[in-house]
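Colleague: Okay, handing you the structure first.
None of the figures in this text is laboratory data; all of them are computed from the coordinates on show. The shown structure was predicted, so the numbers you read here are calculated from the model rather than taken from an experiment. Here the Cβ is made from the backbone with ideal geometry for all residues, glycine too, and neighbour counts use every protein chain on show.
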Amino acid sequence: MSDKPKARPAPVAPYGVMAEFVTPAELLRAAGRLRARGYKNIEAYSPFPIHGLDTALGHGGSKIPWIVLGGAVLGASSGLLLQWWTSAVSYPIKVGGKPYFSVPAFVPITFELGVLFSAFAALLGMLALNRLPQPYHPVFNHTHFHRATDDRFFLAVESVDPMFNVERAERDLSDAGGQNIEVVQA
């Protein structure tokens, strides 16, 4: 037998502190109160969109419109470039005296490829920005979180927040009207 003491596992830092709310108005009010107290990394979970919640959480504008614009420009320019290359450079054929590069003839394909690329950019951008697919998330460890898709609303103060302290977060969530407040392990 070895006389070496067994190594203790390192303590795992919690993901954050999470509270349950019954109505969307309570969640909205609580998010505003926590932001007013200086929390930066808070996240809300709701079964449906709540108007004004993104502002209350301090989220900025979406990046999706810029990603879609980039996809549209890439698709339209690649469609136009492909048509120019095939009809004016690679295999030029004079048909009825028309020019090799006729922009009005290329508009439908250019438009369609712009729409196609922007749709793919929207889908892939949304998946990337939402970090999906994500089969596991620490918030699933909250005992009542299964109701987030049904009729309950949740607010989490994440441990990456500069002001994070377990006792303070629990107190602030309780003061904001939260119920079933739990420390969620990562």
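Colleague: Put a dot 7 Å past each Cα toward the Cβ at V22 and S77; how far apart are the dots in nm?
Modeller: 5.6 nm
Colleague: For the chain, take the longest principal axis of its alpha carbons; what is the angle in degrees between that and the long axis of helix 166-175, to the nearest 10 within 0 to 90?
Modeller: Roughly 90 degrees between the two axes.
Colleague: Further question: Before anything else, pin down the relative contact order of the chain: Cα pairs under 8 Å, at least 6 apart, normalised by residue count, whole percent.
Modeller: Details: 245 pairs, mean separation 89.0, N = 186.
Answer for the chain is 48 percent.
Colleague: Mind sorting out which of [x] 1, 7, 15, 19, 19, 17, 12, 7, 2, 0; [y] 1, 7, 12, 13, 12, 9, 7, 7, 6, 6, 5, 5, 4, 3, 2, 1, 0, 0, 0, 0; [z] 1, 9, 18, 22, 22, 16, 9, 2, 0 is the real P(r) over Cα pairs in 5 Å bins from 0, in percent computed from the coordinates?
Modeller: Recomputing P(r) over Cα pairs in 5 Å bins from 0, in percent here gives the entry labelled [y].
Colleague: Right, another one. Set the Förster distance to 30 Å, then compute FRET efficiency between N141 and N41 from the Cβ-Cβ distance, nearest 0.05. Numbers along the way, then the final one.
Modeller: On the way: r = 18 Å, r/R0 = 0.59.
Step by step, r from the Cβ atoms, then E = 0.95.
Colleague: Between D151 and I109, with labels modelled 7 Å along Cα→Cβ, what's the label distance in nm to one decimal, could you check?
Modeller: According to this spin-label approximation, the distance is 5.8 nm.
Colleague: Region 80-186: which trypsin sites (Lys or Arg not before Pro) are DSSP loop and have at most 11 other beta-carbon atoms within 10 angstrom?
Modeller: Numbers: sites: K94, R131, R147, R152, R168, R171; in loops: K94, R131, R152.
Sites meeting the loop and neighbour criteria: K94, R131.
Colleague: Also, quick follow-up: Using θ = phi - 60° and the Karplus form 6.51 cos²θ - 1.76 cosθ + 1.60, what ³J(HN,Hα) does each residue of region 37-53 get, whole Hz, x for Gly and Pro?
Modeller: Working through the residues one at a time gives 7, x, 6, 10, 9, 10, 9, 10, 10, 9, x, 8, x, 10, 4, x, 5 Hz.
Colleague: Counting other beta carbons within 10 Å of each residue's own, what order do W84, W66 fall into, fewest first? Spell out each step's value before the answer.
Modeller: Numbers: W84 16, W66 12.
Listed from fewest to most nearby Cβ atoms, that is W66, W84.
Colleague: For the charge dipole of the chain, defined by +1 on Lys and Arg C-beta atoms and -1 on Asp and Glu C-beta atoms about the Cα centroid, which residue among A148, I42, G71 has the Cα displaced farthest towards the positive pole?
Modeller: Going by the Cα projections, it comes out as G71.
Colleague: While we're looking at this one, here's another question. Over all directions, the average projected area of the alpha-carbon convex hull for region 64-129 comes to how many nm²? Could you put the intermediate results ahead of the total?
Modeller: Numbers: hull surface 18.5 nm².
Value for region 64-129: 4.6 nm².
Colleague: Also: If you line up the long axis of helix 103-129 against the longest principal axis of the chain, both from Cα atoms, how many degrees apart are they, to the nearest 10?
Modeller: 10 degrees
Colleague: If you filter region 34-78 for trypsin sites (Lys or Arg not before Pro), then keep DSSP loop positions with at most 16 other Cβ within 10 Å, what is left? Don't skip to the answer; put the middle values down first.
Modeller: On the way: sites: R35, R37, K40, K63; in loops: R37, K40, K63.
In loop regions of region 34-78 (DSSP not H, G, I, E or B), the sparsely surrounded trypsin sites (Lys or Arg not before Pro) are R37, K40, K63.
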